[in-house]
1. When Rg is the radius of gyration of the Cα atoms in region 84-151 and Rh is its Kirkwood radius, what does Rg/Rh come to?
2. By per-residue mean of other Cβ atoms within 10 Å, what is the highest-first order of 95-101, 46-52?
3. Report, in whole Å, the centroid distance computed from the Cα atoms of region 57-107 and region 116-152.
4. Given the Cα-Cα distance of residue 144 and residue 84 and 0.36 nm per residue of separation, how much length would full extension add, in nm?
5. Label region 36-116 by shape, choosing from rounded, prolate and oblate, from the square roots a ≥ b ≥ c of the eigenvalues of the Cα gyration tensor; if a/c is under 1.5 it is rounded, and otherwise prolate applies when a/b is larger than b/c, oblate when it is not.
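All of the numbers you see were taken from the coordinates with simple rules; none came from a lab. Only a predicted model underlies this, so the values are computations on that prediction, with no experimental measurement involved. Virtual Cβ from ideal backbone geometry, glycine too; neighbours counted across all protein chains shown.
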């Protein structure tokens with residue numbers, strides 16, 4: 001399984017490290033080792049720069065995260081408005097597929113007479129995939145519904 005993208009290689013990471021280096025070169029070097037936006041915010045809070053600079057950098061992180069979330073929501077809304085049956089139904093299909101496969105594998109793994117065992121790596125992977133799919137589906141649907149309500 002490929003390694004997770006390092007924070008410094010993500011859009012938020014590149015933007016934050018660039019901005020931090022401009023605001024305070026020392027802070028830019030401190031943030032080189034962080035692995036997530038949450039960790040970056042903690043490091044910014046601990047740093048010895050002005051509170052104004054801390055607030056500015058933390059706002060940049062939040063703004064970038066919000067832009068990424070909005071972009072995902074816009075893609076999902078475009079899919080929902082599309083004339084393509086597949087683009088409208090891909091999320092529910094993936095959700096149902098994950099639930100069926102996860103349930104089927106769990107049942108097979110729990111029956112003693114069947115020589116089937118889910119490797120711990122796959123169990124962990126399925127758990128993460130299920131969480132992501134369920135959160136994305138229901139979170140996306142909630143966002144779509146809330147957006148349509150606020151537009152009215």
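1. Values: Rg = 16.0 Å, Rh = 13.9 Å.
Value, to two decimals: 1.15.
2. Averaged packing, sorted descending, gives the order 95-101, 46-52.
3. What the calculation gives is 8 Å, centre to centre.
4. Working: separation 60, 0.36 × 60 = 21.60 nm, distance 1.82 nm.
Here the segment from residue 144 to residue 84 would lengthen by 19.8 nm.
5. On the way: a/c = 8.74, a/b = 1.65, b/c = 5.29.
Oblate, since a/c reaches 1.5 and b/c is not below a/b.
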